[in-house]
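Enquirer: Have a look at the structure that comes next, please.
No value in this document is a laboratory result; all are computed from the given coordinates. Quick caveat, the model's predicted, so the values are computed rather than measured. FYI the Cβ positions are ideal-geometry reconstructions off the backbone, even for glycines, and counts take in every protein chain you see.
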């Protein structure tokens with residue numbers, strides 16, 4: 001008996017899906033993706049709007065805060081409660097209190113909080129006599145100014161003007177009747193400039209060295225390449241030279257010789273003493 005084969009309308013279980021069926025299933029996915037992108041764009045717009053709103057509010061708050069601080073600052077810097085009523089000045093010897101306040105730009109009645117201490121400090125340091133200064137504000141109405149002055153050690157003649165100078169040879173201020181001090185004159189002879197960096201130490205050691213005569217009362221001190229440190233003591237009519245090379249050893253030997261001369265009573269007859277190269281030479285008055 002012959003078999004009649006009728007084709008089935010159902011696809012075989014192991015057959016592949018035809019391209020037409022794949023395209024029909026992909027179409028809804030593209031629609032879903034387009035909807036997701038539109039939603040993301042909507043969320044991005046709202047996020048940007050919220051960020052812009054937050055920035056605007058923050059700026060408004062900051063502006064209000066700044067305006068409030070400015071109003072508060074204007075109030076406290078003009079209020080009578082902070083008006084300066086007391087200014088104490090210490091350490092000033094070569095210029096009076098009024099000169100200090102004028103240089104500092106301070107006066108009673110000014111508002112204490114309106115004063116810039118850094119400006120006061122800088123203004124005082126620019127004055128010739130001030131080496132260091134400390135300015136202290138004591139609220140609500142007081143100031144203290146502590147001054148450390150530069151110490152004059154020499155007179156220096158420059159451009160026909162007599163000036164005070166410190167132990168390093170730095171010029172301070174003109175010599176005047178209001179601040180007159182009798183000091184030795186400092187002179188620079190040929191090559192003496194190279195000894196200026198040793199001058200401060202030399203003066204300090206000289207002051208602390210035991211001598212049988214008043215070397216600190218010298219009329220002048222001359223620096224030169226030939227004789228090093230040369231002092232003239234007018235009281236004794238004596239010139240003393242200390243060689244710059246190994247000057248501390250030369251000064252030590254000079255002290256020994258001066259003590260020996262004092263013991264023998266020969267300082268008054270001495271006219272020149274020179275200490276250099278580990279030796280000391282003494283020249284006495286010529287006997288008539």
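Enquirer: Kindly work out what percent of the DSSP beta bridges joining two residues of the range 184-284 are antiparallel, to the nearest 5.
Expert: Antiparallel: roughly 65 percent of the beta bridges in the range 184-284.
Enquirer: Listing 195, 221 from the residue with the fewest other Cβ atoms within 10 Å to the one with the most, what is the order?
Expert: 195, 221
Enquirer: Related question: Going by C-beta contacts inside 10 Å, put 120, 153 in order with the fewest on the left.
Expert: 120, 153
Enquirer: So for the range 184-284, averaging the separation of alpha carbon pairs under 8 Å that are six or more residues apart and normalising by length, what relative contact order in percent results?
Expert: Relative contact order here is 23 percent.
Enquirer: How much length, in nm to one decimal, is gained on full extension between residue 236 and residue 146, taken as 0.36 nm per residue of separation minus their Cα-Cα distance?
Expert: Gain on stretching residue 236 to residue 146: 28.3 nm.
Enquirer: Across 10 Å bins from 0, what is the distribution of all Cα-Cα pair distances for the range 184-284, in whole percents?
Expert: Answer for the range 184-284: a P(r) of 16, 54, 27, 2 percent.
Enquirer: Percent antiparallel among DSSP beta bridges with both residues in the range 83-149, to the nearest 5?
Expert: Of the beta bridges lying entirely in the range 83-149, close to 65 percent run antiparallel.
Enquirer: Extension gain residue 114-residue 198, at 0.36 nm per residue separation less the Cα-Cα distance, in nm?
Expert: Extra length from residue 114 to residue 198 when fully extended: 25.8 nm.
Enquirer: Quick check on packing: order 228-234, 272-278, 204-210, 86-92 by the mean number of other C-beta atoms within 10 Å, highest mean leading.
Expert: Taking the mean over residues of other Cβ atoms within 10 Å, the ranking is 228-234, 272-278, 86-92, 204-210.
Enquirer: If you don't mind, there's one more thing I want to ask. Tell me the relative contact order for the range 83-149 as a rounded percent, counting alpha carbon contacts under 8 Å between residues six or more apart.
Expert: In percent, rounded to a whole number, it is 44.
Enquirer: What share of the DSSP beta bridges in the range 86-211 is antiparallel, in percent to the nearest 5?
Expert: Taking every DSSP beta bridge with both residues in the range 86-211, the antiparallel ones total about 70 percent.
Enquirer: Say each of residue 285 and residue 173 gets a label point 7 Å from the Cα, pointing the same way as Cα to Cβ; how far apart are those two points in nm?
Expert: 4.3
Enquirer: Moving on to the next point. Suppose R0 equals 25 Å. What FRET efficiency, 1/(1 + (r/R0)^6) with r the Cβ-Cβ distance, do residue 182 and residue 97 give to the nearest 0.05?
Expert: With R0 = 25 Å, the Cβ-Cβ based efficiency is 0.45.
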